[in-house]
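Participant: Pasting a structure here, questions to come.
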Amino acid sequence: MARTKERWGTRLGVILAVAGSAVGLGNFLRFPGTAAQNGGGTFMVPYFCALLLLGIPICWAEWTLGKRGGQLGYHSCPAILGQLGGSRIWRYLGVMGLLMPTIVYMYYVLVESWTLAYAGYYLFGRLDLGSDPSQYPARSSQFFTNLVGLDQDGFMLQGGLHPSVIFWMIAFGVNFCLIYRGISKGIEKFCNVAMPIMVLCAGAVLIRVLTLGTPDPAHPDQNVLNGLGFMWNPKPIGSAHSALSALADPKVWLAAAGQVFFTLSVGFGVIMNYASYLGPKDDVVLSSLTASATNEFFEVCLGGLITIPAAFIFLGAAGAVGGTFGLGFNTLPVVFAYMPAGRWFGFIWFTMLFLAAVTSSISLLQPVIAFLEEALGVGRRASVTILGLITALGCLFLIYFSKDLAALDTMDFWMAQLGIFILGTIEVVVLAWVFGARRAHWVACQGAELHPPSWVFTVLMRCITPLCLLTVFGAWCYLYAGDYLRSLARGGVPLAAVGIIATVLLFMLILVHLAGRRWDRADADRLPPSPPGPEDVG
Ligand code: ALA
């Protein structure tokens, strides 16, 4: 087996890399829209419950599984779950840790390339919405429609190379160049540079937004304070009268849980892979909390204070709502058109989004690269090439079927809403019920600078988090699964997108099967060190 000897260079490096994986488009585009649509301040109650009961425990689970797997010489989800679960079934279920990042990467890098395109257009002054403010929204929407081919399938490949295909190629190439350089020279170095730049860029835009005052005296209510209030004051949703009604709506809780999973990058297999490059005495408990806290700073303090308040200040309450893409790619350009020096703030904002997206998308590639190296015994060049081909085909499918983003939405739905819960559940069950919660606590506390009490760790991992996961999964099936299955039955692009997911899943399963035989032979040749037990403590 090709055992990689890669390691993180420094402790700060691994924390920034995990935080970089977490901080992404979810923080700046998905969070503000989701929070505003789901009760504003009220949304933060389910959000923090999900963070404490699901996000942080599953982060700990992934870091612990990864650290122990790395000690055994494994870096991929199927290998680690198979080893620590002690059964082939976990190895096969570990395929979710390959499927998730592969499919999510396919659409994530596409959205990433849109941010690069917007940054480029702002830099060269080509995103001009004209001089008539009443035309800004229509022009902004037309620009986005033309860029991504919202109107018609195949639009982007007609008549030569569409600019957005060129931006996609650049974004795709940047990711693969970085990932080819490896853990410490590629991912760690890039995150060490990108994360501080992102803070500076987001800070600059935040200061600009918070110092806007009341830009239009004709609308004195559209000011910074009211913008912040619009985002953060608890408010009723739908036709309800009370702000607390949002707490009785299971959809709000599901949205909060989904946001926490997506933003922390848990349930993707990414953190498990990153943690497998830690040394045996490296801390996981405090490092994982630090990375999560960094992500929350970006999400709540930067993402939550910029997008919606800025939109409210210029466009009022009616203009400050919209989905992830609507807010990010339609509304914000209108805001920048109104804003003094908006062209430059637009450039800074979209450059920051691009950097945030790259630190996340490279983290989606690394778990699969590690698997291909372990499974096929090939080197980095071959594994990067294989994954490059697979993901490029997936991206081309999404680029071609661009109408209404139906293909992209389908992939996002099945992966980022359902897949993450499935993998998160598998990870917690393997860690707490199969490997053993006390033993996991012991592994987590080796070299840890913060020791959660054993009973807290055990009760969380064995009971509370799995029960929350089960509840979320049940509610998801009850509320959403039926509609989506019916939409699939109608065929067309959504069905084709599910076909792509199924094809990748089958391919990965075959590889896991072949790799398993290889790993079994290798393990028969060398007796693995037996996992530590609580009896080893002290
Ligand atoms: N955690 C990454 C994001 O928020 C995937 O975009």
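Rule-based calculations on the coordinates, nothing more; no lab input. Just so it is clear, the structure is predicted and the values come from calculations on it, not from any experiment. Every residue, glycine among them, receives a Cβ derived from its backbone with ideal geometry; neighbour counts consider all protein chains shown.
Participant: Would you mind computing, in nm to one decimal, how far apart the modelled labels at Asn146 and His219 are, each placed 7 Å from Cα along Cα→Cβ?
Facilitator: Taking the two extended label points, one gets 2.5 nm.
Participant: For segment 413-473, which chymotrypsin sites (Phe, Trp or Tyr not before Pro) pass both filters: DSSP loop (anything but H, G, I, E, B) and at most 10 other C-beta atoms within 10 Å? Working shown, then result.
Facilitator: On the way: sites: Phe413, Trp414, Phe421, Trp433, Phe435, Trp442, Trp455, Phe457, Phe473; in loops: none.
Of the chymotrypsin sites (Phe, Trp or Tyr not before Pro), not one in the loops of segment 413-473 has a Cβ with at most 10 other Cβ atoms within 10 Å.
Participant: In the chain, once you exclude exposed trypsin sites (Lys or Arg not before Pro) (DSSP loop, at most 13 other Cβ within 10 angstrom), what's the longest stretch remaining?
Facilitator: Looking at the chain, 282-489 is the longest stretch - no exposed trypsin sites (Lys or Arg not before Pro) with at most 13 other Cβ atoms within 10 Å.
Participant: Just tell me which lysines come within less than 19 Å, Cα to Cα, of Lys251; anything on the same chain fewer than 8 places away is out.
Facilitator: Lys235
Participant: Follow-up. Take the alpha-carbon centre of segment 306-323, take the same for segment 153-229, and report the distance between them in whole Å.
Facilitator: 18 Å
Participant: What is the helix-to-structure angle for 380-400, meaning the angle in degrees between its Cα long axis and the longest Cα principal axis of the chain, kept from 0 to 90 and rounded to the nearest 10?
Facilitator: Tilt relative to the chain: about 40 degrees.
Participant: As a test of the formula, what do you get for the chain when each DSSP H run with n ≥ 4 contributes -39,500 (n - 2.57) and the sum is divided by the residue count, at 222 nm and rounded to the nearest 500 deg cm²/dmol?
Facilitator: After summing the helix terms and dividing by the residues of the chain, the value is -20500 deg cm²/dmol.
Participant: Testing the spin-label approximation: label points 7 Å from Cα along Cα→Cβ at Leu161 and Val456. State their distance in nm.
Facilitator: 5.5 nm
Participant: Report the relative contact order of the chain, percent, no decimals, based on alpha-carbon pairs under 8 angstrom and at least 6 residues apart. Could the numbers behind the result be given before it?
Facilitator: Working: 854 pairs, mean separation 178.6, N = 538.
So the answer I get is 33 percent.
Participant: Mind scanning Lys67/Lys185; Lys189/Lys403; Lys67/Lys189 and naming the pairs with a C-alpha gap bigger than 26 Å?
Facilitator: Lys189/Lys403
Participant: Also: Between the helical axis of 136-148 and the dominant principal axis of the chain, each derived from Cα atoms, what acute angle in degrees is found, rounded to the nearest 10?
Facilitator: That works out to roughly 40 degrees.
Participant: Separate question: State the three equivalent ellipsoid semi-axes of the chain, derived from the C-alpha gyration tensor as the square roots of 5 times its eigenvalues, in descending order and whole Å.
Facilitator: Taking √(5λ) for each Cα gyration eigenvalue gives 38, 26, 22 Å.
Participant: Given Cα pairs under 8 Å that are at least 6 residues apart, what percent is the relative contact order of segment 137-269?
Facilitator: 7 percent
Participant: I've got another one for you. In segment 99-176, which chymotrypsin sites (Phe, Trp or Tyr not before Pro) are in a loop and have at most 15 other Cβ atoms within 10 Å, using DSSP for the loop call?
Facilitator: Here the sparse-neighbourhood loop sites are Phe124.
Participant: I would also like to ask the following. Can you put Ile386, Ile187, Ile179 in order of Cβ neighbours within 10 angstrom, beginning with the fewest?
Facilitator: Ile386, Ile179, Ile187
Participant: Determine, from the Cβ-Cβ distance of Leu509 and Leu247 and an R0 of 56 Å, the FRET efficiency 1/(1 + (r/R0)^6), rounded to the nearest 0.05. Mind dumping the intermediate values first?
Facilitator: On the way: r = 41 Å, r/R0 = 0.73.
So, using R0 = 56 Å, E works out to roughly 0.85.
Participant: Additional query: With each label point set 7 Å from Cα along the Cα-Cβ vector, what nm distance links Ile464 and Val193?
Facilitator: The two pseudo-label positions are separated by 4.2 nm.
Participant: Can you give the FRET efficiency to the nearest 0.05 for Thr211 and Ser134, using r as the Cβ-Cβ distance and R₀ = 41 Å?
Facilitator: After rounding, the FRET efficiency stands at 0.95.
Participant: What's the angle, to the nearest 10 degrees (0 to 90), between helix 420-429's Cα axis and the longest principal axis of the chain?
Facilitator: Helix 420-429 and the main axis of the chain meet at about 30 degrees.
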